[in-house]
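The values are calculated or read from the model by the stated rules, or taken from the named source; none is laboratory data. None of the values given here were measured: they were computed from a predicted structure. For neighbour counting, all protein chains shown are included, and Cβ atoms are generated from backbone atoms with ideal geometry for every residue, glycine included.
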Amino acid sequence: MYKKYLDIHPEVQKALEENKPVVALESTIISHGMPYPENIKTARAVENIIRENGAIPATIGILKGRFKVGLTDDELEYMGKGEDILKASRRDLPFIIAKELNGATTVASTMIISALAGIKVFVTGGIGGVHREAQETFDISADLMELSHTNVAVVCSGAKSILDIGLTLEYLETHGVPVVGFGTEEFPAFFTRKSGFHVDYRIDSETELAKALKAKWDLNLNGGVVVGNPIPKEYEMDYNTITNAIEDALKEAKEKGIKGKETTPFLLSKIKAITSGKSLSSNIQLVYNNARLGAKLAVELSKLYQK
């Protein structure tokens, strides 16, 4: 039944039918995460990196109420420039379909559509999480609940330190979501390699990680896996600089009464201004790094499913 809502790009469809590696990519980072034209340049570069590492990219978005799995160049351009692109999470999907609207997919909705299409690896920048003071506001990203029951591995640079990383990891543990550090024992904090919090398991090879993913899903242990891939050292921001910028941005958001889904875009915009644009450069480089890992992981996973 759900297939009638899906438009899968012919190249992606062929790869899936032949059990070749495919990597899903979100579109919120294009429509709401970066300014034009950096967003389009980054999106195309990420797709190229995935191809260079042996996999097929499938950028996911919603156009005129249709789930698009693999965007054309024109569709990608529209996602980056269009002013009518809604931010689409799980709760929004039925209404965007019914009204035939356009939507950029978050981590949660990209996972959903990836799973519908049969894609097992998804690359993003950072996952959402538990917001600071959530014990009063109950502001918790839908990404975390999606990770608890949707069978997609999410390669990311951890969670942004605008969130409460400790509570985010506690929430994931409660819902049985493994948190893996690729080449690290410390959960990365997006702009920085360190957060002060440990991962559940350190994994040092894509092959080992692929075996763990297949075992998890073979055992019907439903849910995703968070793969924390630290930003390369040369692009890491100074820990104190970014921490101070975040504290200043959080203070201003509270003073202005900014809450809910408006919080993250506001904070990232303020942090970019405070850091003179350095945060945007770091953001782009960490996504490139995640694309390399995601493609290699998809290649190894496809080998296991071909046996």
The residue that is modelled with the lowest pLDDT, considering only those in the stretch 254-268 that are farther than 20 Å from Asp143 by Cβ and not acidic (Asp, Glu), is Lys254
How do the pairs read when you match residues in the stretch 55-74 that are in a strand (DSSP E or B) with residues anywhere that are modelled with pLDDT of 95 or more and among the basic types (Lys, Arg), using Cβ under 6 Å and keeping only pairs 6 or more apart or on different chains?
-> Gly61/Lys68
Kindly provide the set of residues from the stretch 265-307 that are under 19 Å from the mean Cα position of the chain (by Cα) and of a type in the set (Gly, Ala, Ser), ordered by number.
-> Ser269, Ser279, Ser281, Ser282, Ala291, Gly294, Ala295, Ala298
Within the stretch 89-107, can you find the residues that are free of Cβ contacts under 8 Å to residues at least 40 places away in the same chain, closer than 19 Å to Phe122 by Cβ and not acidic (Asp, Glu)?
-> Leu93
Name the helices (runs of 4 or more DSSP H) wholly inside the stretch 191-307 in which the number of residues that are crowded, with 17+ Cβ neighbours inside 10 Å and free of Cβ contacts under 8 Å to residues at least 24 places away in the same chain is 1 or more.
-> 239-256, 263-274
Single residue of the stretch 105-119 satisfying the filter (out of contact with any Phe, Trp or Tyr (no Cβ under 7 Å at 6 or more places or on another chain) and hydroxyl-bearing (Ser, Thr, Tyr)) that is nearest to Ile62 (Cα to Cα) | Thr105
Quick one: in the stretch 144-175, which of the residues that are modelled with pLDDT of 95 or more and of a type in the set (D, E, K, R) is nearest to Met111 (Cα to Cα)?
-> Glu146
Working only within the stretch 157-185, note down all residues that are surrounded by 20 or more Cβ atoms within 10 Å (Cβ to Cβ) and assigned to a helix (DSSP H, G or I).
-> Ile165, Thr168, Leu169, Tyr171, Leu172
When the stretch 23-57 is checked residue by residue, the ones that are charged (D, E, K, R) and touching a Phe, Trp or Tyr at 6+ places or on another chain (Cβ under 9 Å) are Glu26
Is there a residue in the stretch 126-137 that is crowded, with 24+ Cβ neighbours inside 10 Å, in contact with a helix residue (DSSP H, G or I) (Cβ under 7 Å, 6 or more places away or on another chain), within 20 Å of Asn220 (Cβ to Cβ) and among the aliphatic types (A, V, I, L, M)?
-> no
For Glu83, state whether it is free of Cβ contacts under 8 Å to residues at least 24 places away in the same chain and surrounded by fewer than 17 Cβ atoms within 10 Å (Cβ to Cβ).
-> yes
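Tally the residues that are part of a loop (DSSP other than H, G, I, E, B), within 17 Å of the chain's Cα centre (by Cα) and of a type in the set (Gly, Ala, Ser), restricting the search to the stretch 82-109.
Result for the stretch 82-109: 1.
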Applying the selection to the stretch 50-65, what residues are farther than 15 Å from Thr110 by Cβ and either buried (at least 21 other Cβ atoms within 10 Å of the Cβ) or of a type in the set (Phe, Trp, Tyr) (or both)?
-> Ala55, Ile56
Just give me the residues in the stretch 14-31 being part of a loop (DSSP other than H, G, I, E, B) and among the charged types (D, E, K, R), in sequence order.
-> Glu18, Lys20, Glu26
Answer with yes or no whether Thr137 is at pLDDT below 95 and either among the basic types (Lys, Arg) or farther than 24 Å from Ile231 by Cβ (or both).
-> yes
